[in-house]
Amino acid sequence: MKKISDINGKWKLHNGVEMPYLGLGVYKADDGKEVINAINWALDAGYRHIDTAAFYDNEEGVGKAINKSSIPRGEIFVTSKVWNDDQGYEKTIAAFDKTMEKLNLDYLDLYLVHWPIKGKFKETWRALEDLYNQGKIKAIGVSNFLQHHLEDLMQDATIAPMVNQMEFHPWLVQKELQDFCKKNKIQYEAWSPLGQGNVFKNPTLKAIAEKHGKTEGQVTVRWDLQNGVITIPKSVKKEHIISNADVFDFELSQDEMAQIDAMDKHERFGPDPDEMS
Ligand code: NAD
């Protein structure tokens, strides 16, 4: 098991960059007070990792919150993603510049190819490699890449992705893909870790949560971490942001981990990567 200490804990990516294993997702947070407040509360609670994307249309607010915070830039890990319409070499370079302008930051910690758009993602990747080699991004990765996408990408890539951000929750585990990523030193990261709120309606998670005096959300976030998966639960509510990260005072037993693993139904709440590309 990877080491889990506290909210400030990090895991090393294959290029040596340390990535906080718990972050705040900001999909569907409005680009204004909503996202700024959420990030302020998260930073106060100890989060040091924010996950946005060009597609979320809130990079400006994300940047404002980070730039105004008293926490040094170097202590906050910021991820963004290149959107599907911007894929291809030249378009990706331009999209990255726009993202950096909106964020108003000097560098990005992690830039991801948002979806494996057929016929384009290799050129997109070449742009990410160049931006990385120029020192503009600390780490590069992909999102929503199944094993065949990763194999295809790595045939031509000069740098292997450091991260694969995938839909991951108790109903969608994709163990073989996780094992493939592990073998290739690609860090697995969970999107929709709370199953878009569905974990709060599940009796198995409820029973485990009650045993530990925790919530279903906390049990799920803890399950991610004990599985070695980086996780970015989303909320814009102060109490939920604080609660989702309060997962460092208990441990799930092997039996509890197995009970949650057994909930897997290969069920998605988001799009199938093979249908997006
Ligand atoms: P999530 O699984 O994190 O669930 C978020 C929802 O759960 C919230 O909107 C809220 O309704 C509920 N919730 C959160 N905390 C709660 C609490 N403590 N109590 C009760 N309800 C609570 O869903 P998500 O936003 O889809 O995923 C998280 C992040 O992953 C996103 O914000 C985004 O950053 C990223 N993401 C990436 C992709 C991708 O394609 N790479 C796709 C979707 C999401």
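The values are calculated or read from the model by the stated rules, or taken from the named source; none is laboratory data. Worth saying up front: this structure is predicted, and the values here are computed from it rather than measured. Every residue, glycine among them, receives a Cβ derived from its backbone with ideal geometry; neighbour counts consider all protein chains shown. Surface areas here come from the heavy atoms of the whole protein model, side chains and all, with no ligands, DNA or RNA. Shrake-Rupley method; radii C 1.70, N 1.55, O 1.52, S 1.80 Å.
Tell me the net charge near residue 275. Cut-off is 12 Å between Cβ atoms, residue 275 excluded, with +1 for each Lys or Arg and -1 for each Asp or Glu. Around residue 275, the surrounding residues sum to 0.
Ordering of 266-276, 71-81 by packing is 71-81, 266-276, highest average first (other Cβ atoms within 10 Å, averaged per residue). Note that the stretch 173-179 has calculated 3J(HN,Hα) couplings of 9, 6, 4, 5, 5, 4, 5 Hz, one per residue in order, obtained from phi through the Karplus relation 6.51 cos²θ - 1.76 cosθ + 1.60 (θ = phi - 60°); glycine and proline are x. Restriction of the chymotrypsin sites (Phe, Trp or Tyr not before Pro) in the stretch 114-199 to DSSP coil positions whose beta-carbon has at most 14 other beta-carbons within 10 angstrom yields no sites.
Peptide packing: for 241-249, 210-218, the average count of neighbouring Cβ atoms within 10 Å per residue gives the ranking 241-249, 210-218, highest mean first.
Sequence-ordered 3J(HN,Hα) estimates for the stretch 132-137 from the Karplus curve with 6.51, -1.76 and 1.60 and θ = phi - 60° stand at 5, 5, 7, x, 7, 9 Hz, glycine and proline given as x.
Taking 0.36 nm per residue of separation and subtracting the Cα-Cα distance, full extension of the segment from residue 73 to residue 152 would add 24.9 nm. In order along the stretch 195-202, the Karplus-derived 3J(HN,Hα) couplings, from 6.51 cos²θ - 1.76 cosθ + 1.60 at θ = phi - 60°, round to x, 6, x, 5, 4, 6, 10, 9 Hz, and Gly and Pro are given as x. The separation of the stretch 159-215 from the stretch 12-32, counted between C-alpha centres, amounts to 15 Å. Annotation: amide H of residue 24 within the under-5 Å range of 49, 50, 51, sequence separation 5 or more or interchain, hydrogens built in the peptide plane.
In the context of the full set of protein chains, the chain has a per residue accessible area of 44 Å² (1.4 Å probe). Within the stretch 162-210, the trypsin sites (Lys or Arg not before Pro) that combine a DSSP coil assignment with at most 16 other C-beta atoms in a 10 angstrom radius are 185. My understanding is that a pair violates if its Cα-Cα distance is over 21 Å; which of 33/91; 120/185; 33/237; 10/98; 28/91 do that in this structure? Those over the limit are 33/91; 120/185; 10/98; 28/91. By the rule of a C-alpha distance below 19 Å, with chain neighbours fewer than 8 residues away ignored, the aspartates and glutamates paired with residue 64 are 30, 31, 34, 44, 51, 75, 97, 101, 106, 109.
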